[in-house]
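I have placed the structure first, in the form of structure tokens, so that the comments after it can refer back to it.
Where a number appears in this text, it was derived from the coordinates with a stated rule and is not lab data. Everything numeric here is computed off the predicted structure, so don't read it as measured data. When we count neighbours, we look across all protein chains shown, and the Cβ atoms used for this are built from the backbone with ideal geometry, even at glycine.
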Amino acid sequence: MHPTITQFKAAVAARDEAAVMAVLAEDVRFMPPTYWATWTGREPVAAVLGHVIQVFSDFGYRRIMGDGPDWALEFQCKVGDLDAVGVDLLTLNDVGLIQTFEVVMQPHKTIGALRDAMNARVMTDARFLKYRKALASG
């Protein structure tokens, strides 16, 4: 397994936002399952993922598939009392950092619960006012 994938798995297991940020490329692109928009940049993506790893409970990777720059990390988790399964689709750049990060997830009801939980969290996080303005102008 690529060292970045191993580090990312450990960072998520530890719920460590700083360790997640350490494996992200400066211009990482993140496509969440909750809405059709792309977050760009190490700091905003790490902040979003930092909240996600707090919202998810009973999180675990079930299978990891990949080689070279392209990886699929299948997971299961709970959002509140709702179960979910999903896949993190990661592409690494030339120096081995995560360049693109797309999440696909089901069922729809759990994605809605994730969206609601994330909206509640980011509304109380001052960093997101700056990121929201950057996302809207980008």
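See the values below:
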| read-out | value |
| --- | --- |
| Cut-off under 5 Å, modelled amide H: who pairs with Thr100 long-range | Arg29, Thr91 |
| In Hz, Karplus ³J(HN,Hα) per residue of region 67-81 (6.51, -1.76, 1.60; θ = phi - 60°; x = Gly, Pro) | 6, x, x, 10, 9, 10, 10, 7, 10, 9, 6, 10, 10, x, 9 |
| Selected from Val95, Val45, Val55, residue furthest toward positive end of dipole (region 3-128; charges at beta carbon) | Val55 |
| Tensor-based shape of the chain (alpha-carbon gyration tensor, a/c under 1.5 rounded, otherwise prolate or oblate) | oblate |
| Mean Kyte hydropathy of 1.6 or more with a Cα span along the axis of at least 27 Å, helices from DSSP in the chain | none |
| Anisotropy class of region 1-63 from Cα gyration tensor, a/c 1.5 cut | oblate |
| In order through region 88-103: 3J(HN,Hα) via Karplus (6.51 cos²θ - 1.76 cosθ + 1.60), integer Hz, x for Gly, Pro | 8, 9, 10, 10, 8, 8, 5, 9, x, 8, 6, 9, 10, 9, 10, 10 |
| Unit charges on C-beta of K, R, D, E only; dipole of the chain, Debye | 420 |
| DSSP-defined beta bridges in region 3-128 - what % are antiparallel, rounded to 5 | 90 |
| For region 59-125: rounded, prolate or oblate by the Cα gyration tensor [a/c cutoff 1.5] | oblate |
| Amide H contacts under 5 Å for Phe75, placed H, 5+ residues apart | Arg62, Gly86, Val87, Asp88 |
| Computed over region 3-128: relative contact order in percent, which uses C-alpha pairs under 8 Å that are six or more apart | 22 |
